[in-house]
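The values are calculated or read from the model by the stated rules, or taken from the named source; none is laboratory data. Here the structure is a predicted model, which means the values were calculated and not measured. Cβ coordinates were reconstructed from backbone atoms using ideal geometry, including for glycine residues, and neighbour counts include every protein chain displayed. To get the accessible areas, we keep the full protein, side chains included, count just its heavy atoms, and leave off ligands, DNA and RNA. Shrake-Rupley method; radii C 1.70, N 1.55, O 1.52, S 1.80 Å.
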Amino acid sequence: KDIMSRSHPNSSSCRVREGDRITWSIADSCGRCVECNLHKLPQKCGSLMKYGHRNVHDQISPLTGTYATHIVLRRGTAIEILPDGVTDRMAVPANCALATVSNSLDRQRLPRYGSNKSAVIQGAGLLGIYAVAWLKKRIGMDHVFCIDVNQGRLNTAARFGAIPLLIDPSLEAAAAEDERRRRRSQIERVVGPQGVDIVVEMTGARAVLPEGVELLRNGGHYAFCGMVHPDSNLSALTGEQIIRKCLTIRGVHNYAPWNLSEAVEFLSDFKDELPLESVVDPVTHSLENLDQAFKVAQSGEYCRVAVDCS
């Protein structure tokens, strides 16, 4: 989005100049409460406001919708200037999917011991595809497997560095179990019988959790990112499974301002090595044609659909 007017002179974003291309955080935060200062979770700020989540008639936070020609960014919103060479189409998903991946795969939160050279990504949606790229390029992993039911999405994940593994959702229980055992054997032939270092849940489906635990090595790390909905009861897992394998489970929701900075830096660093524009519909839809854009999004052909709001 282009800056149309200057920010308040006391704002932390006063470095932004009129005409700059920018991206901004999904929410604002106060920077003073216990969540912001002590817990380092500004995405859980006590006075947080999420863009695109408020009622259109809200008088307290007007013009915070995102399908619009103009938007008012509130104080406490993180703003990043897009570097030259990072196209609009590359940058569109940065302030949600890629920044969330940066948070979920924070190097300091990964296992302290071990090689950290292998991972399984459960789900080849946009977060899963970005997770593959992040682990390969930013973390430097040797082997990143991606599991999904959609061959087209797996093909895209492979272009970002994944070893794709297809699930047949039509199989009956016994056949599905055989397929799962074959997947495990396929992974172990590459990484060894000990299992992978990291598993990242990006599907939103709780049914994948037992396989994720099974594939992890002792002392491994399991990141939960997709199950942000009520139908996510973890009864398929037992405490014994977690304890005996000495696993770490980390839940990740949204991201902090520094993750957005890391996301934009990632785009700039690897724009010539990764097909970053391929995850977005090549057709740019007008704001007046928003209904058609929604139809394309619902088809699932592309991870994201571009809308020109000018």
- [ ] Check the stretch 239-259 and report whether any residue there is among the acidic types (D, E) and closer than 22 Å to L126 by Cβ.
- [x] no
TODO: Go through the stretch 122-172 and give me each residue that's buried (at least 19 other Cβ atoms within 10 Å of the Cβ) and among the hydroxyl-bearing types (S, T, Y).
DONE: Y130, T156
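Could you run through the stretch 117-148 and say how many residues are assigned to a loop (DSSP other than H, G, I, E, B) and either in contact with a Gly (Cβ under 8 Å, 6 or more places away or on another chain) or of a type outside the set (A, V, I, L, M) (or both)? If you could, list the steps in order and put the result at the bottom.
Going residue by residue through the stretch 117-148, those that are assigned to a loop (DSSP other than H, G, I, E, B) are 117, 123-125, 140-142.
The next check asks that each one be either in contact with a Gly (Cβ under 8 Å, 6 or more places away or on another chain) or of a type outside the set (A, V, I, L, M) (or both); those that pass are 117, 123, 125, 140, 142.
The total comes to 5.
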- [ ] Please determine, by comparing only the residues of the stretch 85-121 that are among the β-branched types (V, I, T) and either farther than 20 Å from A306 by Cβ or at pLDDT below 95 (or both), which one is most open to solvent (accessible area, probe 1.4 Å).
- [x] V92
Open item on the list: Which residue is most open to solvent (accessible area, probe 1.4 Å), if the candidates are limited to the stretch 32-84 and must be under 20 Å from R15 (Cβ atoms), in contact with a helix residue (DSSP H, G or I) (Cβ under 7 Å, 6 or more places away or on another chain) and assigned to a loop (DSSP other than H, G, I, E, B)?
Closed with: P83
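Being among the β-branched types (V, I, T) and farther than 30 Å from D84 by Cβ is the filter here, so list the residues in the stretch 245-266 that pass it. Steps first, answer last, please.
Step one: filter the stretch 245-266 for residues among the β-branched types (V, I, T), giving 248-249, 252, 264.
Matches in the stretch 245-266: T248, I249, V252.
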Task: helices (runs of 4 or more DSSP H) contained in the stretch 215-310 and holding at least 1 residues more than 30 Å from R182 (Cα to Cα), open to solvent by less than 70 Å² (accessible area, probe 1.4 Å) and aliphatic (A, V, I, L, M) - done: 257-270, 290-299
Open item on the list: For the stretch 173-207, which positions are closer than 19 Å to H221 by Cα, in a helix (DSSP H, G or I) and open to solvent by less than 40 Å² (accessible area, probe 1.4 Å)?
Closed with: I187, V191
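Select from the stretch 15-30 the residues that are of a type in the set (V, I, T) and open to solvent by less than 30 Å² (accessible area, probe 1.4 Å) and write down the one among them that is nearest to the chain's Cα centre (by Cα). Lay out the reasoning, then the answer.
At the first step, the residues of the stretch 15-30 found to be of a type in the set (V, I, T) are 16, 22-23, 26.
From the residues that got through so far, the ones that are open to solvent by less than 30 Å² (accessible area, probe 1.4 Å) too are 16, 22-23.
Values: V16: 26, I22: 19, T23: 16 Å.
Step by step, filter the stretch 15-30, then rank; the result is T23.
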Task: Checking I60 against (1) at pLDDT 90 or above; (2) more than 16 Å from L276 (Cβ to Cβ), the condition it does not meet - done: (1)
